[in-house]
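Structure first, then comments.
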Amino acid sequence: MLAGLPGYEIRVIGFATSARARQFHEQVDFYLLPQLPLSLLRYLTFFVMAPWLLGWLTIRRKADIIVAQSPFEGAVGAWVKLLGRLIGRAPRLIIENHNNFEVDLFLQRSVPLPGVYRAMMMTFARFAFRHADATRVVSSTTAERCRAFAPQLPQVRFMTWSDTDVFRHTPRQMPVEQAVDIVYAGVLRPGKGVHHLLDAFARLGHPQARLQLVGPPANADYAADLHRQAQALAISQRVQFVGAVSQSRLAEYFAAARVMVLPSLSEGLPRVIVEAMMTGTPVIGTRISGIPDIIQDGENSLLIVPDDADDLLRALRQIYALDVTAMAAQARSFALDFFSPDKYAAGYQQLFEIALRGTASTAATSAEPGKPGATDNKSARE
């Protein structure tokens, strides 16, 4: 993703796909921690091992920038930055905010002692923001939440990475006005609101339409509830639980659909909306978080009230009643202009330069492609 960013050596700390730690080079250097089966064990692994590994990269590999993928991981970066300052090796710290980090976790799954857990998370987040040099946001709402914690922290705003070439170049299997299928793309967990989609689909009154749920069952209990709900609503023959698919296969599902529906209760800036639009497929999305940054209601797609199956049903009926050709064309035009790999790289280039300068600014800004690169050979962690 960032291997081609000139002037920077990228090193990534993350989790392996198994309980065995790994280190390898594939365009960038990867240092992968063992992924243990329970989420609590994974948290403990990260907060015990990541500081040592990040400290080693800072001292021995002379990392100049730490990029934390959320405010909670940012606490580790802030701690390493403070320790590095004692020996004259204090790196710059960038915190990324991709979603409503204060509530999103609690929508994904049941958390024991949620009050204690939330207090601990907010303590980590405040500590991280207090020592950060810049932040990367993906939407107007994530920018607002970061400003609530750190009003003077400079921001750069751009979308999460997507390999959009496959969506740009996948031809439609049929004109959108002839398509009848509905696609949902995302993990199956309560915060995605898929139960409302099943409810609305059952009342749609379009017997030729199929509903395809594309994405892995991130919450097994919720996925089982969805299967039972489809059977109770007598629509199980027209609902397909597809599971996880490749990007190319997902593009094919989008290119055969009349509409992609994302009835989420909490998001950051969902890239699946942009990906679906790139195939010339309009979207129904909830009026939450960064979704209204993308969807121009009634023009390139439709917005609905969150947690409301009746409003979702209204929007579905509108999609089938309209000739959606013009809406689909506007959706594709918007998406192609909104994101590209060049804009993504330019966003990080701008973000790194701001962090290294220590520039103070209160305004969020958007990256522009073609911004000049840094001349120093800096090292970064994403």
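The values are calculated or read from the model by the stated rules, or taken from the named source; none is laboratory data. Computed from a predicted model, the values in this text were never measured in an experiment. Every residue, glycine among them, receives a Cβ derived from its backbone with ideal geometry; neighbour counts consider all protein chains shown.
Odds and ends about this structure:
- Residues that are hydroxyl-bearing (Ser, Thr, Tyr) and within 21 Å of the chain's Cα centre (by Cα), drawn from the range 29-81: 39, 43, 70
- Applying the criterion of being in a strand (DSSP E or B) and over 17 Å from the mean Cα position of the chain (by Cα) to the residues of the range 133-179, the residue that is surrounded by the most Cβ atoms within 10 Å (Cβ to Cβ) is 134.
- Subset of the range 223-261 that is more than 19 Å from residue 161 (Cα to Cα) and within 19 Å of the chain's Cα centre (by Cα) - its residue that is surrounded by the most Cβ atoms within 10 Å (Cβ to Cβ): 261
- In the range 113-132, the residue that is modelled with the lowest pLDDT out of those that are outside any helix (DSSP H, G or I) and out of contact with any helix residue (DSSP H, G or I) (no Cβ under 6 Å at 6 or more places or on another chain) is 113.
- The residues of the range 315-326 that are in contact (Cβ under 8 Å) with a residue 24 or more places away in the chain, in a loop (DSSP other than H, G, I, E, B) and surrounded by fewer than 20 Cβ atoms within 10 Å (Cβ to Cβ) amount to a single one, 323.
- Cβ-Cβ under 9 Å pairs, at least 6 apart or on other chains, the range 291-314 side outside the structural domain of residue 140 (by TED's automatic domain parsing), far side among the acidic types (Asp, Glu) and part of a loop (DSSP other than H, G, I, E, B): 291/267
- Among all residues of the range 208-215, there is at least one that is within 20 Å of residue 99 (Cβ to Cβ) and small (Gly, Ala, Ser).
- Among residues that are out of contact with any strand residue (DSSP E or B) (no Cβ under 8 Å at 6 or more places or on another chain), of a type in the set (D, E, K, R) and within 23 Å of residue 10 (Cα to Cα), residue 96 is not included.
- For first residues located in the range 42-64 and closer than 14 Å to residue 74 by Cα, partners that are assigned to a helix (DSSP H, G or I) and acidic (Asp, Glu) and lie 6+ apart or on another chain with Cβ distances below 8 Å form the pairs 46/73; 50/73.
- Residues of the range 203-222 that are over 25 Å from the mean Cα position of the chain (by Cα) and over 17 Å from residue 185 (Cα atoms): 203, 204, 205, 206, 207, 208.
- Pairs where the first residue, in the range 342-371, is under 18 Å from residue 97 (Cα atoms) and the second is in a helix (DSSP H, G or I) and modelled with pLDDT of 50 or more, C-beta under 7 Å, 6+ apart: 364/143; 367/343; 367/346; 367/347; 367/350
- Residues in the range 1-55 that are in contact with a helix residue (DSSP H, G or I) (Cβ under 8 Å, 6 or more places away or on another chain), among the aliphatic types (A, V, I, L, M) and part of a helix (DSSP H, G or I): 50, 54.
- Residue satisfying all of: in the range 180-216; under 15 Å from residue 259 (Cα atoms) and touching a Ser or Thr at 6+ places or on another chain (Cβ under 8 Å); surrounded by the most Cβ atoms within 10 Å (Cβ to Cβ) among these: 183
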